[in-house]
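Below: one structure, written as structure tokens.
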Amino acid sequence: MYDGPVDLHISLPGPGARVSGDLTSRIYRQLREAILDGRLRPGERLPPTRVLAGRLEVSRNTVAIAYERLTAEGFLVARVGSGTFVTGRRVAARAPGRTAPAGAAVRPLPRWEALAAAQAAGSRTGDGPAPVFDFRVGAPDGSLFPLATWRRLVGAELRATTISLAGYRDPAGHDGLRAAIARYVGASRSVRAGAHDVLVTQGAQQALDLVGRVLLGPGDPVAVEEPGYPPARLLFGGLGARVVPVPVDGEGIDVQAIPPGTRLVYVTPSHQFPLGTPMSLARRAALLNWADRHDAVIVEDDYDSEFRYSERPLDPLQSLDRTGRVVYVGTFSKTLLPMLRLGFLIAPASLRPALLAARRLTDWHGDPVVQAALARFIDSGELPRHIRKATRVYAARHARIAASLRDDFADLLVPVPSKAGLHLCARTKPGTPPDLLGAVRARARELGVAVETLADYSAGESPKDESPQCGLVLGYGAIPEERIPEGLRLLRRSFDELRGIP
Ligand SMILES: Cc1ncc(COP(=O)(O)O)c(C=O)c1O
């Protein structure tokens, strides 16, 4: 613990109102309060009476009497030669913690109140012990993260002279990282971009926020996939846009169903989230054509296509785009870790100055140390090496789940074909009661198995029987391969119990 004297703010009335006895009681009360509510912790040293008196512009005696009273009551102890310290004795008498004023008079915009309430409800459903068989979607396997290499690279950057350069940095991000990303997505995904086209962001989510800020006015229509990625839909709504969920079929978003006047279309063409199907080439062409005719911008979220288990991927919309309508968004949340908050966007030149202004005015820029470390990670070939290794692990999990869906769930579920990413989806067979999946999910959770349903990703009402939104989503980022068979056996048991099958 820091052993210098603590710097506690003590409020005293202005000089005109100063009466010595009154000042002593004020100092006494404020120190006592700070000890009881935990702002002053046991063992912390108070400033010498002379120093505190000087700072408060009162006589030394005024402070000394307050200290003596607190010492007599057991809050403080004086140690000759070293100072006056907070004792541990009186602290537990009251629960620590002060709180900011409730502030009932000030309220956020109703749409943000609604978003906060929805998030609080969502986090409550995730309460309880961690599931033994975790098929939830979202996180990659943290145990695959190349921690030793990462630690070395970040350590090297922290020692480097760049740290000694005070001041803000370029809102577009670390130059070396922008170049490394441009090369990397150019080679692996045929995205057309140079370093100057890349804006490094704190994950894909910030990229969506920046794009939304510079393109959307209040009430502007934004088309999102249905089912789709809730954080994108909710964010655009939070920015004041009018979000229109547009159905997804076997080829991708139904372009005909996008309302005229739509300003922005958010899609996940490589691996539709959450269904997992890629957008067909014909649909890509139709979407680009639609955007051209309707003067709209397409946001292409390519969030997890690095993990591919067969066949070549289709060209991204960004590389098919001839008129500069596509903003390509990428993230390192799946390939590395979500908590690193590293992502990027590649936008047409016409949007770039506004995007940079938005970045500067919101959080200015991300962490240059981590960005420089990532640049080295990519340039040294570690990223592709890590992706190859992780792909082998995820491919085995993907194959196990796909085989089990085919062999053990054939009477209940129809898998949605998917050859990439970190999750699989399966729709219920026609005739399945609409409320069965919710009950199965709850029973599976009791057995230690966490799964999600397609309805979790739907913006609409709860799905009706035979609706395309009736199904399960099985993530395999978090579950080791050897746990998959038992997890799926328990899932099957949950179905059987609820269908009354012994
Ligand atoms: C569709 C989609 N986009 C983006 C992300 C990642 O977002 P971020 O980079 O903000 O962590 C995810 C993560 O699950 C996702 O599913």
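The values are calculated or read from the model by the stated rules, or taken from the named source; none is laboratory data. These figures come from a predicted structure and were not determined experimentally. Cβ: placed from backbone, ideal geometry, glycine included. Neighbour counts: every protein chain shown. These area figures cover heavy atoms from the full protein model, side chains too; ligands, DNA and RNA do not enter into them. Shrake-Rupley method; radii C 1.70, N 1.55, O 1.52, S 1.80 Å.
In the set Phe377, Phe344, which member is touching a Leu at 6+ places or on another chain (Cβ under 8 Å), over 25 Å from Ser310 (Cβ atoms) and in a strand (DSSP E or B)? Going through Phe377, Phe344 in turn, the sole match is Phe344. Against the test of being touching a residue at least 60 places away in the same chain (Cβ under 8 Å) and either under 24 Å from Thr362 (Cβ atoms) or of a type outside the set (Lys, Arg) (or both), the options Ala179, Ala195 yield a single qualifying residue, Ala179.
On the basis of being over 30 Å from Arg489 (Cβ atoms) and under 26 Å from the mean Cα position of the chain (by Cα), does Pro348 make the cut? Criteria met by Pro348.
For Gln256, state whether it is within 26 Å of Leu314 (Cα to Cα), within 15 Å of the ligand (Cβ to nearest atom), surrounded by fewer than 21 Cβ atoms within 10 Å (Cβ to Cβ) and at pLDDT 95 or above.
Values: within 26 Å of Leu314 (Cα to Cα): yes; within 15 Å of the ligand (Cβ to nearest atom): no; surrounded by fewer than 21 Cβ atoms within 10 Å (Cβ to Cβ): yes; at pLDDT 95 or above: yes.
So Gln256 does not fit the description; no.
Can you find, within the range 362-402, the residue that is surrounded by the most Cβ atoms within 10 Å (Cβ to Cβ) among those that are in contact (Cβ under 8 Å) with a residue 12 or more places away in the chain and of a type in the set (D, E, K, R)? Filtering the range 362-402 for residues that are in contact (Cβ under 8 Å) with a residue 12 or more places away in the chain and of a type in the set (D, E, K, R), the one surrounded by the most Cβ atoms within 10 Å (Cβ to Cβ) comes out as Arg397. Looking across the range 222-248 at every residue that is in a loop (DSSP other than H, G, I, E, B) and touching a Phe, Trp or Tyr at 6+ places or on another chain (Cβ under 8 Å), the one that is farthest from Ala358 (Cα to Cα) is identified as Pro227. Condition (residue is of a type outside the set (Ser, Thr, Tyr), open to solvent by less than 60 Å² (accessible area, probe 1.4 Å), more than 23 Å from Leu234 (Cα to Cα) and modelled with pLDDT of 90 or more) applied to the range 462-477: is it met by at least one residue? There is at least one residue in the range 462-477 that is of a type outside the set (Ser, Thr, Tyr), open to solvent by less than 60 Å² (accessible area, probe 1.4 Å), more than 23 Å from Leu234 (Cα to Cα) and modelled with pLDDT of 90 or more. Within the range 337-347, being near the ligand (Cβ under 10 Å from one of its atoms) and in contact (Cβ under 8 Å) with a residue 24 or more places away in the chain holds for Leu337, Pro338, Leu340, Arg341, Leu342, Gly343, Phe344.
Residues of the range 59-82 include none that is basic (Lys, Arg), crowded, with 16+ Cβ neighbours inside 10 Å and within 44 Å of the chain's Cα centre (by Cα).
Here's the yes/no breakdown for (1) free of Cβ contacts under 8 Å to residues at least 40 places away in the same chain; (2) open to solvent by less than 10 Å² (accessible area, probe 1.4 Å); (3) closer than 29 Å to Arg136 by Cβ; (4) of a type in the set (Asp, Glu):
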| position | (1), (2), (3), (4) |
| --- | --- |
| Arg233 | no, no, yes, no |
| Glu251 | yes, no, yes, yes |
| Thr262 | no, yes, no, no |
| Ala282 | yes, no, no, no |
| Arg293 | yes, no, no, no |
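So in the range 286-316, with the set limited to residues that are hydrophobic (A, V, I, L, M, F, W, C) and within 15 Å of the ligand (Cβ to nearest atom), which one is farthest from Val185 (Cα to Cα)? Let's see the steps before the verdict.
Going residue by residue through the range 286-316, those that are hydrophobic (A, V, I, L, M, F, W, C) are 286-288, 290-291, 296-299, 307, 314.
Next, only the ones that are within 15 Å of the ligand (Cβ to nearest atom) stay: 298-299, 307.
Working: Ile298: 18, Val299: 16, Phe307: 14 Å.
It comes out as Ile298.
Within the range 338-368, restricting attention to residues that are in contact with a strand residue (DSSP E or B) (Cβ under 8 Å, 6 or more places away or on another chain) and small (Gly, Ala, Ser), the residue that is nearest to Pro140 (Cα to Cα) is Gly343.
For the range 317-336, give me each residue that is among the small types (Gly, Ala, Ser) and more than 9 Å from the ligand (Cβ to nearest atom). Talk me through it step by step, then tell me what you get.
Pass one, the range 317-336, residues among the small types (Gly, Ala, Ser): 319, 324, 330, 333.
Answer for the range 317-336, where residues must be among the small types (Gly, Ala, Ser) and more than 9 Å from the ligand (Cβ to nearest atom): Ser319, Gly324.
Taking the range 144-159 as the range and being surrounded by 12 or more Cβ atoms within 10 Å (Cβ to Cβ) and either at pLDDT below 85 or under 24 Å from the mean Cα position of the chain (by Cα) (or both) as the test, the residues that pass are Leu144, Phe145, Pro146, Thr149, Trp150, Leu153, Val154. The residues on offer are Gly228, Gly203, Gly212, and the sole one that is under 25 Å from Arg312 (Cα atoms), within 22 Å of the chain's Cα centre (by Cα) and within 16 Å of the ligand (Cβ to nearest atom) is Gly228. Among the residues of the range 160-178, those identified as open to solvent by 40 Å² or more (accessible area, probe 1.4 Å) and either among the acidic types (Asp, Glu) or at pLDDT 90 or above (or both) are Tyr168, Arg169, Asp170, His174, Asp175. Consider only pairs whose beta carbons are under 7 Å apart and that are at least six residues apart or on different chains; among these, list those whose first residue lies in the range 308-328 and is open to solvent by less than 50 Å² (accessible area, probe 1.4 Å) and at pLDDT 90 or above and whose second residue is among the aromatic types (Phe, Trp, Tyr) and not in a helix (DSSP H, G or I). Sorted first by the residue in the range 308-328, then by its partner, the pairs are Pro316/Tyr328; Gln318/Tyr328.
Which residues, counting only those in the range 22-45, are in a loop (DSSP other than H, G, I, E, B) and open to solvent by 20 Å² or more (accessible area, probe 1.4 Å)?
Going residue by residue through the range 22-45, those that are in a loop (DSSP other than H, G, I, E, B) are 37-44.
Hits for the range 22-45 are Gly38, Arg39, Arg41, Pro42, Gly43.
Of all residues in the range 116-143 being within 16 Å of the ligand (Cβ to nearest atom), modelled with pLDDT of 85 or more and out of contact with any strand residue (DSSP E or B) (no Cβ under 9 Å at 6 or more places or on another chain), which is most open to solvent (accessible area, probe 1.4 Å)? Among those that are within 16 Å of the ligand (Cβ to nearest atom), modelled with pLDDT of 85 or more and out of contact with any strand residue (DSSP E or B) (no Cβ under 9 Å at 6 or more places or on another chain), it is Gln119.
For Val106, the criteria (1) under 30 Å from Pro218 (Cβ atoms); (2) not in a loop (DSSP other than H, G, I, E, B) hold in every case but one, which is (2). Listed by first and then second residue, the pairs with beta-carbon distance under 6 Å, at least 6 apart or on different chains, first residue in the range 70-91 and on the phi < 0 side of the Ramachandran plot, second among the aromatic types (Phe, Trp, Tyr), are Val77/Phe85; Thr84/Tyr67; Arg90/Phe75. For the range 402-428, the tally of residues that are in contact with a Cys (Cβ under 9 Å, 6 or more places away or on another chain) and assigned to a loop (DSSP other than H, G, I, E, B) stands at 1.
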